[in-house]
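Quick notes on the structure that follows.
The values are calculated or read from the model by the stated rules, or taken from the named source; none is laboratory data. Not measured: the values here are computed from a predicted model. Every residue, glycine as well, gets a Cβ built from its backbone with ideal geometry; the counts of neighbours run over all protein chains shown. Heavy atoms of the whole protein, side chains included, go into the accessibility calculation; ligands, DNA and RNA do not. Shrake-Rupley method; radii C 1.70, N 1.55, O 1.52, S 1.80 Å.
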Amino acid sequence: MPYHRGMARRGYWRSVIGDGALAFAIAAMLTIGWAWRDWAMLTQLHLPDTDDVMRLQQIRDWLAGQDFRDLSQHRLAVDGLAMHWSRLPDLVPAAIISQLTPALGSARAELVAVIAWPALLFVAALWLTGRIARAIHPAIARTAIIVAAVAYPVTTLFMPGRIDHHGFQIVLMLVMVRALLIPGGRIADHVAGVMIGLAACASLVIGLETAPFILVAAMIIWARWAIGGPGAQLMSFGLSLGLALGFARIVFAPDGWAYPACDGFTRIAWQGAQGASFAPVILSLIGTGLGSPRHRIATSGLVALAGAAILFPVVRPCASPYGGVDPLLARLWLDNVGEAQSLFAAPPAMAVSYLGLLVVGLMASIACAWRRRSLNWLVPICFQLTALALCFVQLRGAYGGAILAAPALAAVITAARRRGPGWLAGAWIGSAGMLYPIAAQALVHAPAPVAAPSSAHTDQAASCTSPAVIAALARLRAGTVIAPIDLGAYAIAGTKHRLIAAPYHRNNAGNAAMYRFFLSDPDTARTIANRVQADYVVWCPDQSGSGFGGLDPALRDHPRRLIAMLGQGRAPAWLTPIASGKNPVTIFAVQHGLSTPPPAH
């Protein structure tokens, strides 16, 4: 018996190391290829997404002396803006930068950090996917790692420069799925419960996007207990989540802790999660005297009703985290953010691109569960169904479902090997997530969906957010800038200016002021410029790519609107052109002492 246990232990560690080596090799190869393709932008620290570059600036401010709890961006809006972000995702890239700066300098240290951190998360995501697949069916593990490596759109979260928190949350979700697949046993149940509780807490500290997946994990733990299972996992989950949330309150609560919204790690969100963490503990204690599933389910209903009554006033704002966004901003900006659109509002090509792999993977998972009669398949199926449901609200829900499609698609590929080359080729084609955007473009006859930052560098080269525009702004004396919303984060990171607008939902006043400035007549626009003390205005002729995509062309082209006048080259006298890049973007200086003559007809 000891001999067999030793063999099993050695086999286990060989599989762990082997899966890790394959995940590392694939992640390294793809990261090198992506970095080589985007090297010109990366070396200028012009990152793929506005959130990535704002994350980098947040880290810079912290390392330069801004308080750990101060998450405000003090060069955004008129008086600064308390961001809804967390300091937790800053820790690793900040550590890399601080350790390498003495030897490499700050710019090169930042370059290493923005490449290395997404790559490390990619390795973790691929390795966890392989371990999930191995827990279900060992023969599919290595194939699942390969499928996950091209699982669009989730792979776009791990490209060089993607230092925002989404990739981190995907890894934490995979930790929960893997823990749910740990074979039962008293010690194993406690370990799994603790892993899920800690991962859930970390994910909530980062942001609330993955809260539905946490709820699914909790429901799976509860269901195992409700049908008569032991309460060890339920108890460990509740205790670890509650204690970790208490620790997080002490360490990561920001200065804006009392912000009256449920859009991040705020007091409202924390109180709701902390209160909910008591329910598993109470149920596990009560369940020791309840052997009947019927009694356990009835007791759970009573506890749920009591908890809902107590927590309803606290968690009610969480039902609409963006409810405070100005209706004008919701129509012109928020409703046109690609990944934040619902399935029904998104262009067909984008919907197919995002949901293609998720839907195919979900069908494969259901087929595998039906054929093998294995309850282990139910865990990824529950998470995939949740991801699909989230897509009806926001397309970003597809990220988690895409990577969890890998185990079932790997099982399909393994089965196809026995049927011949034709079946095998079809299985690989159906599992290649990167093919779905291409298929969507061909079938829907639409432009390639601007759904992922994979092509953002190319688009930015000739856009309002290009390095040329940022360089032109950086050469000017520091001041306050009114510019299209997408430019805000890049200009804050690349210059010393204050920006009135940037794509963050808490910036109601600044973003509304920017839109109303461009959409008003010259006199009203000048009043807005004086009120926000603007020194410069940036004009981007391609306004459809600069935050005005939701504007009716008839309104945009109205001759009395400033946006139409600038488009026709008829700037009012109080706007003096001072810089223009290689593209048609123009920078104006605001002359506050001049009167505004009537526009020419």
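Between H74 and S15, what is the label-to-label distance in nm when each label sits 7 Å out along the Cα-to-Cβ direction?
If labels sit at H74 and S15, their model points lie 5.3 nm apart.
Quickly rank 503-513, 151-161 as a protection proxy: mean count of other C-beta atoms within 10 Å, highest first.
151-161, 503-513
Suppose every K and R has +1 on its Cβ and every D and E has -1 on its Cβ; what is the size of the dipole of the chain about the Cα centre, in Debye to the nearest 20?
With only Lys, Arg, Asp and Glu charged at Cβ, the dipole is about 1820 debye.
Could you sort the peptides 282-293, 479-490, 254-265 by per-residue average Cβ neighbour count (10 Å cutoff), highest mean leading?
Ranked by mean Cβ neighbours within 10 Å, highest first: 479-490, 254-265, 282-293.
Any idea of the accessible area per residue across the chain, 1.4 Å probe, to the nearest Å²?
Computed with neighbouring chains in place, this is 42 Å² per residue.
In the calculated pair distance distribution of the chain, what percentage of Cα-Cα distances lie above 48 Å?
17
Counting only protein heavy atoms and a 1.4 Å probe, tell me what percentage of the stretch 365-408's accessible area is made up of carbon and sulfur.
69
Give the relative contact order (percent, whole number) for the stretch 1-148; include only Cα pairs under 8 Å separated by 6+ residues.
27
Hey, in the chain, which Cys have no second cysteine's beta-carbon closer than 4.7 Å?
Here C201, C368, C382, C391 come out as lacking a disulfide-compatible partner, given the Cβ-Cβ threshold of under 4.7 Å.
Using a 10 Å cut-off on Cβ atoms, rank the peptides 296-304, 162-170, 383-391 from the highest mean neighbour count down.
162-170, 383-391, 296-304
Can you tell me how the stretch 476-526 classifies by the Cα gyration tensor, rounded, prolate or oblate, using a/c under 1.5 as the rounded cut?
Oblate, since a/c reaches 1.5 and b/c is not below a/b.
Quote the accessible area belonging to R561 in square angstrom, nearest 10, computed with a 1.4 Å probe and with ligands, DNA and RNA left uncounted.
For R561, the solvent-accessible surface is approximately 60 Å².
With every protein chain kept in the model, how would you rank W222, W13 by accessible area, 1.4 Å probe, largest at the top?
These residues rank, largest area first, as W13, W222.
Report, to the nearest whole %, how much of the accessible area of the stretch 116-227 belongs to carbon and sulfur atoms, 1.4 Å probe, protein only.
The computed percentage sits at 78.
Taking 45 Å as R0, compute the FRET efficiency from the Cβ-Cβ separation of L305 and S374 and round it to 0.05.
That pair, L305 with S374, gives E of 0.85.
Contact order normalised by length for the chain, with contacts defined as Cα pairs under 8 Å and 6 or more residues apart; what percent is it?
Worked out over the chain, it gives 15 percent.
Averaged over every viewing direction, what's the projected area of the C-alpha convex hull for the stretch 83-170? Give it in nm², one decimal, please.
Mean projected area for the stretch 83-170: 6.9 nm², to one decimal.
Using only the heavy atoms of the protein chains and a 1.4 Å probe, how would M29, M219, M514, M195 rank by accessible area, largest first?
Greatest to least solvent exposure: M29, M219, M195, M514.
To the nearest 500 deg cm²/dmol, what mean residue ellipticity at 222 nm is calculated for the chain from DSSP H runs of n ≥ 4 alone, each contributing -39,500 (n - 2.57), summed and divided by the residues?
Taking each H run of at least 4 residues, the total per residue is -19500 deg cm²/dmol.
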